[in-house]
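Presented below is the structure to which this report refers.
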Amino acid sequence: MESPEIEELTLCGYCKKKFNDTDQSPKLLSCKHYFCLQCMRTNLSKGTAELYCVYCWKKTDLGELGPESLPTHNPVLCLTKNFSQLKLFSNNSTSSGTSEKTKVISENCHTHAMPLALWCTTCGSPVCRACATTSDHSNHQIKSQNEAKDQLIAELQVDLASMTKMLSEIQRLASQQREFLLKVLEACVTLKTHVEADLTNNVAHFEVTETRENLAKLRLNLSMAESLTDVHNLCASVNLEKQKFQMRYQEMYLQCQLDDLIRHSTIILDFPLLKQALGNIHNGEVALPGNSRILPPSQQNPILFLANYCMSQLYSRHMLAKSPPNNGLDYHNHNSLPPPLTYMNQTPPHQHLVLPPPKNIYQDNNIIMQNLVHSPQIRNPVNMCPLYYFNVDVNGQPLGRIVIEVRADVAPKMAKNFGVLTTGEAGMGYKGCQIFQCWEGESVITGDFELNNGRGGRSIFEDSYFLPDDTKLLAVRGTVGMRRTQKRHDNLGMVGSQFRIILQEMRGFTGIFGHVVEGLELVEKISTYGDTAGKPTKNILIAKCGKL
């Protein structure tokens with residue numbers, strides 16, 4: 001369908017030539033009529049300062065700027081450029097009552113009336129042979145439309161293949177990043193478990209209670225002393241107790257000073273800075289000059305605080321743990337950290353300790369000793385959290401070792417039962433026991449040394465089954481808890497010998513008495529051997545177990 005009405009809009013109303021970007025640019029007069037720039041320069045101007053419209057004869061003042069200063073009618077210019085590609089549709093009724101769209105497109109060049117048989121790849125538009133030789137398309141790449149189509153298809157196929165490959169790489173990297181974040185989450189859960197264990201233990205409270213009882217006994221003995229010999233002997237006991245008490249006080253004070261430095265530090269602490277801070281705190285100096293100010297809570301960075309806490313843990317466990325063995329410290333257990341006394345000058349036990357008043361590293365902020373709390377880095381004695389190992393075989397082949405730390409301090413009954421069954425000193429135990437249930441990513445269950453199916457097993461106590469300790473420990477990843485028996489008295493919540501190693505949080509599970517400190521990735525692998533019902537598809541056996 002021809003469209004002369006629309007095509008007329010692309011032509012100058014005076015010279016009837018087609019608009020373009022140069023001399024034939026459509027310029028708007030003040031009366032909103034438009035003509036090409038060439039006509040305004042030659043035909044419409046009356047001098048240099050004014051133009052007259054041939055439609056309405058209204059005057060347009062130009063001043064000294066000339067016709068070039070007039071605004072360009074951009075919509076008309078855009079229509080002119082794209083008119084050859086304009087598609088017009090009309091709805092024609094057919095005999096069946098339906099309507100179809102008839103595509104109307106000009107196949108000839110409006111300037112040269114020649115077929116648009118070529119394609120300018122630079123401009124991205126069809127051109128005729130005459131247009132291809134004009135200055136508008138000089139140095140442009142001109143091809144036939146079929147060649148241009150094949151080239152574009154080939155380029156699109158290359159781009160799509162590249163995008164597909166990139167998509168697979170993005171998926172791989174996203175999976176890799178997710179695995180990394182899961183490792184970070186696992187480390188955070190482990191750290192949370194350790195901190196909760198420290199808070200639950202509260203060794204400082206136990207020591208204070210024990211010391212208070214000793215002081216009460218000493219006062220009672222003093223009131224009952226009659227002879228000089230009794231008082232002399234009592235004086236020796238008091239001096240010995242005083243020495244221990246003063247050393248413990250200085251140890252905790254220095255530890256709390258280090259904790260305050262970690263809590264309020266404005267820089268990232270590394271091993272050399274921690275070593276310097278420990279020495280300065282011991283000498284009563286500012287821990288780190290220039291870093292002794294306390295930030296308000298709104299300016300404190302929790303990520304920086306956590307990073308410095310973890311760095312101090314690594315320093316205590318992996319640097320100070322390399323001290324000579326004459327310190328008498330055992331660092332095999334992950335809960336045993338060298339106390340600050342490792343960098344203090346040791347005083348012989350027979351000498352009387354006199355401590356100067358502790359110097360405050362935050363004097364400008366008026367932080368006094370009464371406001372300091374005991375350090376969460378003070379750990380329990382090693383014998384309070386024994387370690388047990390389990391060597392696991394799969395289909396007769398060694399798979400690896402799992403090490404479990406047992407919280408004998410908060411779960412004495414379960415810890416004793418678990419320990420005796422692990423060592424086998426009662427004539428029965430976990431050696432040779434099968435892992436009879438595996439849930440991938442959730443948990444594995446074993447400990448039924450009688451039937452190996454979850455319906456057997458008993459404790460070392462006389463009644464065979466017992467109520468578990470109320471430890472208040474959370475059932476999070478890596479923790480170990482006693483499994484309730486499936487006999488008729490299971491509604492009483494009793495346990496025997498079966499235990500579960502947890503791989504994801506179970507809020508309703510109680511009876512937690514320990515956690516895995518080595519081989520958690522081995523437990524994760526074992527969990528994948530279970531089918532949809534949790535039954536192992538391989539023979540998983542505790543080949544050997546015992547106490548470390």
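Any residue at all in region 153-169 that is assigned to a helix (DSSP H, G or I), free of Cβ contacts under 8 Å to residues at least 12 places away in the same chain and under 30 Å from His112 (Cβ atoms)?
Here is the first cut: in region 153-169, the ones assigned to a helix (DSSP H, G or I) are 153-169.
Imposing the further condition that a residue be free of Cβ contacts under 8 Å to residues at least 12 places away in the same chain reduces the set to 153-169.
Those still in the list that are under 30 Å from His112 (Cβ atoms) too: 153, 155.
Scanning region 153-169 turns up at least one residue that is assigned to a helix (DSSP H, G or I), free of Cβ contacts under 8 Å to residues at least 12 places away in the same chain and under 30 Å from His112 (Cβ atoms).
For region 20-43, how many residues meet the condition of being over 22 Å from Leu79 (Cβ atoms) and either aliphatic (A, V, I, L, M) or touching a helix residue (DSSP H, G or I) at 6+ places or on another chain (Cβ under 7 Å) (or both)?
1
Being under 60 Å from the mean Cα position of the chain (by Cα), assigned to a helix (DSSP H, G or I) and surrounded by 13 or more Cβ atoms within 10 Å (Cβ to Cβ) is the filter here, so list the residues in region 41-78 that pass it.
Of everything in region 41-78, those that are under 60 Å from the mean Cα position of the chain (by Cα), assigned to a helix (DSSP H, G or I) and surrounded by 13 or more Cβ atoms within 10 Å (Cβ to Cβ) turn out to be Val76, Leu77.
State yes or no: is Thr22 within 23 Å of Thr10 (Cβ to Cβ) and either outside any loop (DSSP other than H, G, I, E, B) or open to solvent by less than 50 Å² (accessible area, probe 1.4 Å) (or both)?
Details: within 23 Å of Thr10 (Cβ to Cβ): yes; either outside any loop (DSSP other than H, G, I, E, B) or open to solvent by less than 50 Å² (accessible area, probe 1.4 Å) (or both): no.
Judged against the criteria, Thr22 is not a match.
Could you count how many residues in region 518-541 are part of a loop (DSSP other than H, G, I, E, B) and open to solvent by 20 Å² or more (accessible area, probe 1.4 Å)? Even if it seems obvious, please write down each step before you answer.
Within region 518-541, the first condition is being part of a loop (DSSP other than H, G, I, E, B), and the residues that meet it are 519, 528-529, 531-535, 537-539.
Within this subset, residues satisfying the condition of being open to solvent by 20 Å² or more (accessible area, probe 1.4 Å) are 528-529, 531-533, 535, 537-539.
Here the count works out to 9.
Checking the conditions here, which among Asn221, Asn201 is surrounded by 15 or more Cβ atoms within 10 Å (Cβ to Cβ) and modelled with pLDDT under 80?
Details: Asn221 fails: modelled with pLDDT under 80.
Residue meeting the stated conditions: Asn201.
Which one of these does Lys143 not meet: (1) at pLDDT 85 or above; (2) open to solvent by 100 Å² or more (accessible area, probe 1.4 Å)?
(2)
Can you tell me which residue within region 1-19, out of those that are assigned to a loop (DSSP other than H, G, I, E, B) and open to solvent by 60 Å² or more (accessible area, probe 1.4 Å), is nearest to Pro75 (Cα to Cα)?
Going through the qualifying residues, I end up with Leu9.
Working only within region 407-461, note down all residues that are more than 19 Å from Leu541 (Cα to Cα), open to solvent by less than 10 Å² (accessible area, probe 1.4 Å) and assigned to a loop (DSSP other than H, G, I, E, B).
Arg407, Ala411, Ser459
I'm told Ile268 meets every condition in (1) more than 30 Å from Leu503 (Cα to Cα); (2) at pLDDT 85 or above; (3) part of a helix (DSSP H, G or I) except one. Can you identify the failing condition by its number?
(3)
Among the residues of region 501-517, count how many are surrounded by fewer than 16 Cβ atoms within 10 Å (Cβ to Cβ) and either within 12 Å of Val476 (Cβ to Cβ) or touching a strand residue (DSSP E or B) at 6+ places or on another chain (Cβ under 9 Å) (or both).
Going residue by residue through region 501-517, those that are surrounded by fewer than 16 Cβ atoms within 10 Å (Cβ to Cβ) are 504-505, 507-508.
Applying the additional criterion that residues be either within 12 Å of Val476 (Cβ to Cβ) or touching a strand residue (DSSP E or B) at 6+ places or on another chain (Cβ under 9 Å) (or both) yields 504-505, 507.
The number of residues fulfilling the criteria is 3.
Please go through region 224-243 and give me each residue that is open to solvent by 40 Å² or more (accessible area, probe 1.4 Å), part of a helix (DSSP H, G or I) and either among the hydroxyl-bearing types (Ser, Thr, Tyr) or touching a residue at least 24 places away in the same chain (Cβ under 8 Å) (or both), ordered by number. Walk me through it before giving the result.
Applying the first criterion (open to solvent by 40 Å² or more (accessible area, probe 1.4 Å)) to region 224-243 yields 224, 226-233, 235-240, 242.
This time we only want the ones that are part of a helix (DSSP H, G or I), so: 224, 228-233, 235-240, 242.
Those that are open to solvent by 40 Å² or more (accessible area, probe 1.4 Å), part of a helix (DSSP H, G or I) and either among the hydroxyl-bearing types (Ser, Thr, Tyr) or touching a residue at least 24 places away in the same chain (Cβ under 8 Å) (or both): Thr229, Ser237, Asn239, Leu240, Lys242.
The values are calculated or read from the model by the stated rules, or taken from the named source; none is laboratory data. All figures in this text were calculated on a predicted structure; none of them were measured in a lab. Every residue, glycine among them, receives a Cβ derived from its backbone with ideal geometry; neighbour counts consider all protein chains shown. Ligands, DNA and RNA are excluded from the accessible area calculation, which covers all protein heavy atoms including side chains. Shrake-Rupley method; radii C 1.70, N 1.55, O 1.52, S 1.80 Å.
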